[in-house]
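So the structure is just underneath, and the comments pick up after that.
A short reminder: the numbers here are calculations on the coordinates, not readings from a lab. If you're wondering where the values come from, they're calculated on a predicted model, not measured in any experiment. Ideal geometry is used to build each Cβ from the backbone, glycine not excepted, and the neighbour counts take in all protein chains shown.
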Amino acid sequence: MTPKALPWKPPPFATDVEPLQVGKHWDAVRAHQPVGERALALLGDACGAVIQDTYGTLYWLIAKGSARGSWHLRQVRVLTERSRESNYLGVPPITWTEPTTKARTHWRVPLAPGRYLTEAERLWEALAAADHAELGPRSEGRQLCFRCQLPTDEPVIVGGEHGGNLGGGIIYACPSHARSLPVIEAETLIDAVRRGREGAGT
């Protein structure tokens, strides 16, 4: 998180959620529940301002260009300014810090001096640990979900198949059908994520 707030805040006279273009003042990282919820808890005081929309999806504000490349995390997307398209984020008035029956989009972590941007590297670590803890081991490539029988680009390994003439096999699920996985100690996962990244950089 930056040591002091940067010169930006929501439009001062806003009375409703306002779509603001990503990449002008900040980039954003979107994470669906429950990955976003776990990452939020893991970040603790290192977390900057966070917007939560009507569906429970969380959005962190990060410095422009600080999340270069693909993060390869399930149910997580980096939103930034692109040459051929524009991304917009619905930003609530600064006073909307609680969901209401009229408007559920709000500042889950309120914007305040010293609590503005989240450091991209710390956010990646928390989201990577949350991804593994909530969705289990990942598998590269498209697979069929055993429950809905639809192809998913974010397959989760949920078990193994044994016996039969065809031998064993891996059972996959899409993220929405992988909720019954056991919870893994996420603090341990963050340490493993950090060691893995350090090893990859040597």
Residue separation between residue 8 and residue 57 times 0.36 nm, minus their alpha-carbon distance, gives in nm 15.4 nm
Simple spin-label estimate for residue 84/residue 177, 7 Å along Cα→Cβ, in nm, reads 3.3 nm
Applied in sequence order to segment 111-121, the curve 6.51 cos²θ - 1.76 cosθ + 1.60 (Karplus, θ = phi - 60°) yields integer Hz couplings, x standing for Gly and Pro, of 5, 7, x, x, 9, 10, 8, 9, 5, 4, 5
With 0.36 nm assigned to each residue of separation and the Cα-Cα distance removed, residue 149 to residue 103 gains 13.0 nm
